[in-house]
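Right, one structure below, let's go through it.
Where a number appears in this text, it was derived from the coordinates with a stated rule and is not lab data. None of these values were measured; they are calculated from a predicted model. FYI the Cβ positions are ideal-geometry reconstructions off the backbone, even for glycines, and counts take in every protein chain you see.
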Amino acid sequence: MKRFLYTLCVILVGSSCLSSCFKDNETTVTLYNETTITGLQLTLVNRYVQGQTSTGKDTVYIRRLTTFPSFTIDHDNGLIFNTDSLPYDCDMKHVLINLTASSHTGTLFIKDVDSDDLFFYNSTDSIDFSVPRIVCAYNTDGTLFKSYQVTMNKHLLPTNTLIWEERPLDEYPTVEEEERAKWESIVEEAGLKEFIGSAREEAYAYSFDDELMVTHDGGQTWEIDNLDDDESLLPVENFHMVWYPLENDLEDDYVLLVGSNGDLYSSKVWHKNVVNSEYGIFGKWAYMPLESYNAYYLPTNVVDMVYYKGLVLAFTDLGDLYISVDGGITWKTHEDSFAFPEGQEIPGKFTVTTDDYFIWYKDVEQGKVWRGIAMAK
């Protein structure tokens, strides 16, 4: 309480000094009584992700959360909360947030967990949100305030259950299909064999000699891409590609390419870091060989692959789901945890809308669409 009183005294004395100084210069200071928080955004949340070392031992990696949920502000009841829960493995004790207030609101404070002490809010200071926290917004002279209780919801268990609901056919998001159709047309006009996929700054295609081609200018020019291994190891059949922002630099992309090339049981897996370089220095594709100790490989019968909530999901023609949490190094089946829509045993087409965390499934033959979301058991 002493710190709280001291803080208010600083505010009041500062306001008084300003008023006195301006009075000497015959200037009027306008004080406002607004105490409104207008927004809360997450800026840094770490995850403790289980994975394996290069020797096959289980370990835990610290990774940054790349997709943040939005927060709802209930001004009437003084509540701030997220309806879409954070992943269960998030570190809620060291969270960075960006708080915004109305232009005429004064100072923002965070209340201590165990006392009435108030601390100045600073966007660079981590905050413990493992329990609900109180944020106070004061008016400009520190005489009025409004408190908000901030609750950050996260899953208590891994998000490993897909809940489905059937939706009208016209609700199926077509942005991905339209983007692919555009690139397929560009690839055909360039005289190349087949479109592979695209990231934010690059797109890829195979030539008729099965060389991996890349464009950095929207398809105007193409060149042979850089590989760190023999091109004969590239997947040339039943291949799939996804990309997502790198965790240490959200401006750059991690691209994952999988597919078959003569193997009967395991897919070939390649990855590339696409660094948006102003000097024209581009990344190189790296081959991930299947080590003898790695029992968690991806089979060749994959029919679709998507990036969803920090995971790479690969669906097979037998209705199995393989999940990679480490960028394609290991793949584990989750057929008991992830169920497909009722009556659907062989997957059709999948796509993801990251803004609202939905994964969509379309049965092309039946013309039916389902919308799913991962929920904790």
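Here are a few things to note about the model shown:
- Semi-axis lengths, Å, segment 107-217, gyration tensor of Cα atoms, sqrt of 5 times eigenvalues: 53, 21, 15
- Packing around the peptides 116-124, 200-208, taken as the average count of other Cβ atoms within 10 Å per residue, puts them in this order, highest first: 200-208, 116-124.
- Segment 88-155 - Rg and Dmax from Cα coordinates, angstrom: 12.7, 41
- Unsatisfied cross-links (Cα-Cα over 21 Å) in the set K284/K349; K93/K154; K111/K146; K154/K368; K268/K309; K268/K368: K284/K349; K154/K368; K268/K309; K268/K368
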